[in-house]
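Since the structure comes first, as C-alpha cells, the remarks are kept for the end.
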Amino acid sequence: MEYTYNHRNRRKNSLKVHIVLVTKYRKQLLKDAVADTLKQKIHDISIAHGYEILAIETDKDHLHLLLSYDTTDKVCNIVKILKQESTYYLWMQYPDLLRKQYWKKRILWSDGYFACSIGDVSLATIQQYIENQG
C-alpha cells in the first residue's frame with residue numbers, strides 16, 4: 001500500500017476531505033457546459049489556494065469533490081471559498097440561465113454542505129464513487 005504525505009516546513013500530513021455541495025432548491029443546473037465550466041473553475045480556485053483535487057464530478061444538482069489540503073486550512077473555509085468564487089463566476093458566465101432559476105442574484109449553492117475526512121485505506125473507493133457520478 002502506497003502512502004503519500006505532503007511535506008511543508010516541518011509538517012508532514014495527509015489530509016483529504018470528501019465534500020458535497022448541493023445547488024439551492026436542488027435545481028438541476030449542473031449539466032453540459034455549466035458542469036464543465038464549474039469543474040474548470042473549481043480546479044482554478046484549488047490551484048490558486050493550494051488545494052489538490054484528487055477527484056471531481058457533478059450530478060445534475062450536486063458536486064462531489066475529493067481534495068487534499070494543508071494543515072493551515074479549515075474545511076469550512078475551503079467550502080466558503082469554493083462556494084463564493086464559483087457562484088460569482090457562474091453568475092458572470094450564465095446570468096440568463098441563473099436569473100430564470102433564482103429570484104435573488106448570486107445564489108447557486110444551498111446553505112449547508114457535506115464533508116467527510118477520509119483515510120488512505122478508502123481513497124480508491126471514494127475516488128471511484130465520485131468518478132462514477134452523473
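Tabulated data for the structure shown
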read-out: Proximal charge balance of N6 [Cβ under 12 Å; K/R count +1, D/E count -1]; value: +1
read-out: Unit charges on C-beta of K, R, D, E only; dipole of the chain, Debye; value: 660 debye
read-out: E85, E52 arranged by Cβ crowding within 10 Å, fewest neighbours leading; value: E52, E85
read-out: Sorted by Cβ density within 10 Å, fewest first, the residues L21, L29, L15; value: L15, L29, L21
read-out: Cα-based Rg / Dmax (Å) for the chain; value: 15.4, 50
read-out: Cβ-based exposure ranking for T87, T58, T72, T37, in which fewest neighbours within 10 Å come first; value: T72, T37, T87, T58
read-out: Folded to 0 to 90 degrees: helix 32-49 orientation relative to the chain principal axis, Cα; value: 40 degrees
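Taken together, the values in this text are just the output of simple stated rules run on the coordinates, not laboratory data. Quantities reported herein were computed from a predicted structural model and do not represent experimental measurements. Glycine also receives a Cβ, built like all others from the backbone with ideal geometry; neighbour counts cover every protein chain displayed.
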